[in-house]
Structure formats: structure tokens, C-alpha cells
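A.B. asks: I have a structure here, written as C-alpha cells, and I will follow up with some questions on it.
The values are calculated or read from the model by the stated rules, or taken from the named source; none is laboratory data. Treat the numbers as computed from the prediction; the structure is a model and nothing was measured. Reconstructed Cβ throughout: ideal geometry from the backbone, glycine too, with neighbour counts over all protein chains shown.
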């Protein structure tokens, strides 16, 4: 047993005991109210999920095990002082609730490299899909094809006890995270480079290897991928991809089935697809205005026309956040350092000044500030990654870090299958006394 797996096993016992004690001693304690608005409006804000890895604060943004993004940029291990954090370190933090040393991050990275072998049948499945299939569809298909390797399924079928579910799930999660960049890169090279695949470089870290296998070898791109895969890694448990993974996993579906389901949620326009929409919307703006360097006045008018036509400005607003997304700010700071004199990014920066006052003037927008999607696509474009349909796949590689750490905790704690109740419209009316 690896030192990391042993440490998780040691930490899981008291946490599981604490959850069991909480349930036994305070199981009837009320922590919130459910009203008709909550039910009709997507259950926004209802405190009904247990997620240990991160928490989203409306004012501060996301905190991973209590650490903000700026704090992670300072305290997580990096390859050099001016680099971005290694996402391997963030996974370690989310799983074990402690900041890792560089030695511990390197050990995790080496473990993943040993596991990073994509079975031939997965490659054949990915190569068999049509070239016009959506990259996110291929991503889910590739993940499902990996399920043949599930250690959890083997252990469950062999009759392992519930208290040991975490053990085989740990192996699945580690194998999964090691192989996910291979799936993503295979899809990218198949769709956009005629299937001319590039093997992994054992000297590179997890993020840099993904960039390398996609065909991008530049120190700045490596830094961008480390940043991108860190800031997209988790966003508490209630978003569609995280909740779906948890929900499907609660039925004891293996991690591959569970995460594939989550990725089909991430593909939706109201979730991870938004980063593609931002890029498309800005390209439409440049085309309609006939310039790659529009003035702020022109941008203002285009935004007004977008709203006037009944559409939303993509990349702005958030279901929970009430201030600028710190993930947006991290990307903005990266762009200021490395991406100067980029016309597309200048438009993104100008939108930050133009859009919030417009949305604020409408009076009904709770959050007029940009979210993570407002910037991510423009950074990828700057380095030549122009294939917007693939952006959500990169998002999916990152999000696996958080939700699979959470799924592993679900198994260790022994959470039950999720099964809320539902009512007909007449049933709800009857409950509140409407005849």
C-alpha cells in the first residue's frame, strides 16, 4: 500500500465516525427550509449535500479545503517560483486535507505515470466514432470504455464488504486520473490532427504531458495548463457535473460510469459548454463590427443589442457567486503577464469594464460580474488552441480531480443512495393548502 493510500485510510476512519456520530446524535436537526421557489428553481442553495473537498462562498469564491485560489498559488508546490501550482498537489490537498510537500507531489505524479497506459480497446473505441461527433461525446465514450478496467467492479462482484469499498475505488480513481489526459489527447489528435498521435513524455508533469500529447510544447503553455487544470478542479458538490457524479455513484456505479454521466452534464450550455459560447460570441462581435479592435463604445452597443434581442452575455453571472469569480481573476493576471498585445484578450479585458454596469442597470441581475468561462477560451486561443468544441474536454479533465476525490470520500464514509421525493403539481398544491 502506498503512503498516500495508507494516509487516506487512516484519515477516513475518524471522518466516517464523525459522520456516523453526527447522524446518530443530531439526525433530526433542521438545517434549512424548502419552499416552492426552491423546488421550481433548481434547488438553488438548499443545504442537502455533503462535500468535503471545497466550498463556494458567494463573496469570496471557491475555497479548496479552506484555501482560496491566491493562497493555493502561493502555497501549493510549483516547479519554479514563477510557475503555477501543480494540480497533482491540489488533488492531494482535496483528498487528504493537508498541503503536500514537493516530494509528496512528485510521488503522486510518478504513481500516475506508472498507471498511465491506455488499453488498446479504448483507443479502438475512440477511433471508431465519426469525425463529426462532439469531442465531449467521445470523452464520455472513452471514459465508459475504461470501465472494463474497474477494480471496484471486480471487488464488488467478489463479495467485498461495504467498509472496504473505498479500497478498490481508490485504485479506480488513481488509474482514472492517470489515463484521463491520454483519452483527452487522443480525442484532440483524432479530431484535429488526422489521428497523428503523440506519446507521453515521462519527464513531464501531469498538466504539461497533456499539452505535449496535444502537440503543444512551450513552457508558457505548460504553465497555462497547470493553472487551467487547477482552477477548474472543483466547485463544491451542487453543480451539475459534481452532483451527477455523486448521484450516479451513490447507486454504487463504478467511478467510470459515474464520471461519464457527470461529463454529459458538463457538456450542457448552462454548465461547461459556456466557455465555447464566450469565444463564439466574441467572434460574432468582431465579424459584425468589422474589426478585431473594437472600441469600448462599439463593445457597449453590441452588448446592448445582445441583451435587447433576448439573449444573455455569455461568461457573466453565476448561480452562487456575487462578485468577480477569483478563477477569472487568476486567468486575467496570467494574461497580463504572458499575453500582452493580443486583440482577442483585449476585448475580454474591455468587457470586464463594459458589461457589469450594463447588467447592473437592469436591476434584476444578482451578479453582473464575470465567471471563469469569460476568460478561459481566450487564453487557449492565444496559444493556438482554437478548437472551441474541445475546450469543455479540458474542463472535464480538470474537474475529475475534485469530484473523484469526493466520490472516494463518499465510499469511505459510506454515504447512502440518493433518493429524494417528488410530487405532482396537484400534490404540491395540496401540501400548501391550495384546492
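A.B. asks: If the requirement is being surrounded by fewer than 14 Cβ atoms within 10 Å (Cβ to Cβ) and either in a helix (DSSP H, G or I) or touching a residue at least 12 places away in the same chain (Cβ under 8 Å) (or both), which of these qualifies: 164, 111?
C.D. replies: 164
A.B. asks: For the stretch 308-317, does any single residue satisfy the condition of being in a helix (DSSP H, G or I), touching a residue at least 12 places away in the same chain (Cβ under 8 Å) and in contact with a strand residue (DSSP E or B) (Cβ under 7 Å, 6 or more places away or on another chain)? Explain how you work it out, then say what you get.
C.D. replies: Filtering the stretch 308-317 down to residues in a helix (DSSP H, G or I) leaves 308.
Then keep just the ones that are touching a residue at least 12 places away in the same chain (Cβ under 8 Å); that gives none.
Looking for residues that are in a helix (DSSP H, G or I), touching a residue at least 12 places away in the same chain (Cβ under 8 Å) and in contact with a strand residue (DSSP E or B) (Cβ under 7 Å, 6 or more places away or on another chain), one finds none in the stretch 308-317, hence no.
A.B. asks: Next question. Give 403, 393, 348, 365 a once-over and let me know the one that is over 30 Å from residue 249 (Cβ atoms) and either assigned to a helix (DSSP H, G or I) or modelled with pLDDT of 95 or more (or both).
C.D. replies: Working: 403 fails: over 30 Å from residue 249 (Cβ atoms); 393 fails: over 30 Å from residue 249 (Cβ atoms); 365 fails: either assigned to a helix (DSSP H, G or I) or modelled with pLDDT of 95 or more (or both).
Being over 30 Å from residue 249 (Cβ atoms) and either assigned to a helix (DSSP H, G or I) or modelled with pLDDT of 95 or more (or both) holds for just one of 403, 393, 348, 365, which is 348.
A.B. asks: Being surrounded by 15 or more Cβ atoms within 10 Å (Cβ to Cβ), farther than 15 Å from residue 253 by Cβ, touching a helix residue (DSSP H, G or I) at 6+ places or on another chain (Cβ under 8 Å) and at pLDDT 95 or above is the requirement here; does residue 139 meet it?
C.D. replies: Numbers: surrounded by 15 or more Cβ atoms within 10 Å (Cβ to Cβ): yes; farther than 15 Å from residue 253 by Cβ: yes; touching a helix residue (DSSP H, G or I) at 6+ places or on another chain (Cβ under 8 Å): yes; at pLDDT 95 or above: yes.
Yes: the conditions hold for residue 139.
For every residue, the table says whether it meets (1) under 26 Å from residue 230 (Cβ atoms); (2) in contact with a helix residue (DSSP H, G or I) (Cβ under 9 Å, 6 or more places away or on another chain); (3) not assigned by TED's automatic domain parsing to the domain that holds residue 191.
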| site | (1), (2), (3) |
| --- | --- |
| 82 | yes, yes, yes |
| 120 | no, no, no |
| 163 | no, yes, no |
| 166 | yes, yes, no |
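A.B. asks: Quick one: in the stretch 406-435, which of the residues that are in a helix (DSSP H, G or I) and free of Cβ contacts under 8 Å to residues at least 24 places away in the same chain is farthest from the chain's Cα centre (by Cα)? Show your work before the answer.
C.D. replies: Step one: list which residues in the stretch 406-435 are in a helix (DSSP H, G or I), which gives 406-413, 425-431.
Remaining after also requiring free of Cβ contacts under 8 Å to residues at least 24 places away in the same chain: 425-427, 429-431.
Numbers: 425: 34, 426: 38, 427: 36, 429: 38, 430: 40, 431: 38 Å.
Once the filter is applied, the top-ranked residue is 430.
A.B. asks: Looking at the stretch 150-159, which of its residues are outside any loop (DSSP other than H, G, I, E, B) and surrounded by fewer than 20 Cβ atoms within 10 Å (Cβ to Cβ)? Explain how you work it out, then say what you get.
C.D. replies: Here is the first cut: in the stretch 150-159, the residues outside any loop (DSSP other than H, G, I, E, B) are 151-157.
Scanning the stretch 150-159 gives 151, 153, 154, 155, 156, 157.
A.B. asks: Of the residues 157, 175, which is within 30 Å of residue 251 (Cβ to Cβ) and touching a residue at least 12 places away in the same chain (Cβ under 8 Å)?
C.D. replies: Values: 157 fails: touching a residue at least 12 places away in the same chain (Cβ under 8 Å).
Selected residue: 175, the only one of 157, 175 that is within 30 Å of residue 251 (Cβ to Cβ) and touching a residue at least 12 places away in the same chain (Cβ under 8 Å).
A.B. asks: Please count how many residues of the stretch 365-379 are under 12 Å from residue 279 (Cβ atoms) and surrounded by fewer than 23 Cβ atoms within 10 Å (Cβ to Cβ). Spell out how you get there, then give the answer.
C.D. replies: Pass one, the stretch 365-379, residues under 12 Å from residue 279 (Cβ atoms): 373-379.
If we keep only those that are surrounded by fewer than 23 Cβ atoms within 10 Å (Cβ to Cβ) too, we end up with none.
Total satisfying the criteria: 0.
A.B. asks: Out of all the residues in the stretch 187-205, is one or more buried (at least 20 other Cβ atoms within 10 Å of the Cβ), farther than 23 Å from residue 137 by Cα and either at pLDDT below 95 or under 23 Å from the mean Cα position of the chain (by Cα) (or both)?
C.D. replies: yes
A.B. asks: Follow-up. Might you check whether a residue that is closer than 27 Å to residue 57 by Cα, surrounded by 16 or more Cβ atoms within 10 Å (Cβ to Cβ), at pLDDT below 95 and not assigned by TED's automatic domain parsing to the domain that holds residue 229 occurs anywhere in the stretch 292-314?
C.D. replies: Going through the stretch 292-314, the residues closer than 27 Å to residue 57 by Cα turn out to be 312-314.
So of that shortlist, the ones also surrounded by 16 or more Cβ atoms within 10 Å (Cβ to Cβ) come out as 313-314.
Filter once more, so that each one left must be at pLDDT below 95: 313-314.
Cutting the leftovers down to not assigned by TED's automatic domain parsing to the domain that holds residue 229 gives us 313-314.
Scanning the stretch 292-314, I find at least one residue that is closer than 27 Å to residue 57 by Cα, surrounded by 16 or more Cβ atoms within 10 Å (Cβ to Cβ), at pLDDT below 95 and not assigned by TED's automatic domain parsing to the domain that holds residue 229, so the answer is yes.
A.B. asks: Could you list all residues from the stretch 122-134 that are in a helix (DSSP H, G or I) and closer than 26 Å to residue 265 by Cβ? Before the answer, list the steps.
C.D. replies: First, pick out the residues of the stretch 122-134 that are in a helix (DSSP H, G or I): 122-128.
Those that are in a helix (DSSP H, G or I) and closer than 26 Å to residue 265 by Cβ: 122, 123, 125, 126, 127, 128.
A.B. asks: Filter the stretch 34-76 for residues that are more than 20 Å from residue 93 (Cα to Cα) and either in contact with a strand residue (DSSP E or B) (Cβ under 8 Å, 6 or more places away or on another chain) or not in a loop (DSSP other than H, G, I, E, B) (or both) and give the result.
C.D. replies: 36, 37, 38, 39, 40
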